1. Relative contact order, percent, of region 21-86 when contacts are C-alpha pairs under 8 Å separated by at least 6 residues?
2. At R0 = 22 Å, how high is the FRET efficiency between residue 60 and residue 16 if r is their beta carbon distance? Nearest 0.05 is fine.
3. Give the label of the value calculated from the structure for Kirkwood radius over Cα pairs in Å, choosing from (1) 15.2; (2) 14.5; (3) 12.4.
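Read the figures in this text as sums done on the coordinates, not as results from a lab. All values reported here derive from a predicted model rather than from experimental measurement. Because the Cβ atoms are built from the backbone with ideal geometry, glycine has one as well, and the counts that use them run over all protein chains shown.
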Amino acid sequence: MSNEKSTAPAGTLAQLGERRSDFWWNLVYFLILGVAICFVLVNNDLDSIFSSTGIVILAVLALLELYPTIYLVKLLLRFRNNNRKS
């Protein structure tokens, strides 16, 4: 019974055609970049954020954040569609 619990997420990801390491690395990447964006926003005043350097830094962080976000949203949609078919 304990084996079923430990392999259930791995089985779900395998059923969707994904590796567990891809999921976890994208999730960690997403969280790290989210924290970095929040850190920049919280620790700077509005003048610094709306300066050309601030906009470039936030734009680069946002572009980097897109990759794991798109991956996780696609995975969530495939998971939801897979559950509807079952």
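1. Details: 23 pairs, mean separation 30.9, N = 66.
Relative CO of region 21-86 lands at 47 percent.
2. Details: r = 30 Å, r/R0 = 1.38.
Computed FRET efficiency for residue 60 and residue 16: 0.15.
3. Recomputing Kirkwood radius over Cα pairs in Å here picks out (1).
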